[in-house]
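Report on the following structure.
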Amino acid sequence: MSEEHAAAVPTIRRRGEGDVEECVRVLAEVHRRDAYPVNWPERPGDWVAQASGCGAWVAELDGRPVGHVGLSHGGEGGLAPGVWSERTGRARDLAAVVSRLFVAPWARGHGIGALLLGRAVEEAGRRGLHPVLDVVASDTAAAALYERLGWRRLATVEERWGPAQRVTIHCYAAG
């Protein structure tokens, strides 16, 4: 974190149409540093925008977008809603999927990831839904954040993402 941002206070707001392009720039920084997403999307703007059936939020620091999170209905994909449904006996559509959570590498250390995650959890609760998420097992920093914030790991699953790509995924549910 640079000294100029040391005293800055992050804000979280609903994502607007004009935010996607800047979020893609932040995502590119994250991808170069952390390999998230594992496979760079062919249309990154669409990838960022798609995970927002229940809402999407942007974190700002000094008026500049530095992070993002989306929230979707459980029936819209991902492994975690199905695992959560099997474990709890509740319908898959009672889950809300937290996704597209990322924070610019230079803006970390302000609790932005926790603030974004908290906003998504708050919205899920407002809708009567239980928040869940998937994370690749190699993203140990993200898994550590979720566990530090009280999320519980439901399962670890191997998934095939293509003919030559197998990925280990952790499925989490909010505590």
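The values are calculated or read from the model by the stated rules, or taken from the named source; none is laboratory data. These numbers were taken from a predicted model, which means no experiment stands behind them. Glycine gets a Cβ as well: all are built from the backbone with ideal geometry, and neighbour counts include every protein chain shown. The protein model used for the area step is the full one, side chains on, heavy atoms only, and it has no ligands, DNA or RNA in it. Shrake-Rupley method; radii C 1.70, N 1.55, O 1.52, S 1.80 Å.
Select one label from (i) 17.7, 54; (ii) 16.1, 46; (iii) 15.5, 49: the one whose number is Rg and Dmax of the Cα atoms in Å as derived from the coordinates shown.
Looking at Rg and Dmax of the Cα atoms in Å for this model, the match is (iii).
Give me the one-decimal nm value for the distance between modelled label points at ALA155 and GLU17, 7 Å along each residue's Cα-to-Cβ direction.
4.0
Report the calculated FRET efficiency for ARG87 and ALA144 (r = Cβ-Cβ distance, R0 = 30 Å), to the nearest 0.05.
0.85
For the stretch 101-169, take N as its residue count and report Rg(C-alpha) divided by 2.2 N^0.38 Å.
Against the empirical 2.2 N^0.38 Å value, I get 1.27 for the stretch 101-169.
With unit charges on the beta carbon (Lys/Arg positive, Asp/Glu negative), name the residue among ILE12, VAL69, VAL132 whose Cα is farthest towards the positive pole of the charge dipole of the chain.
VAL132
What is the dipole size for the stretch 46-122, taken about its Cα centre, with +1 at each Lys and Arg Cβ and -1 at each Asp and Glu Cβ, in debye to the nearest 20?
180
Expected output is a single nm value to one decimal: the length gained when fully extending between VAL167 and ARG32, i.e. 0.36 nm times separation in residues minus the C-alpha distance. What is it?
Stretched fully, the VAL167-ARG32 segment lengthens by 46.7 nm.
Could you give the angle, 0 to 90 degrees to the nearest 10, between helix 20-34's Cα long axis and the longest principal axis of the Cα atoms of the chain?
Approximately 80 degrees, to the nearest ten.
How large is the dipole of the chain about the Cα centre if only Lys and Arg carry +1 and Asp and Glu carry -1, each at its Cβ, rounded to the nearest 20 debye?
Charge dipole, the chain, about its Cα centre: 480 debye, nearest 20.
Accessible area per residue, 1.4 Å probe, Å², for the chain: what's the number?
With all protein chains present, the chain gives 49 Å² per residue.
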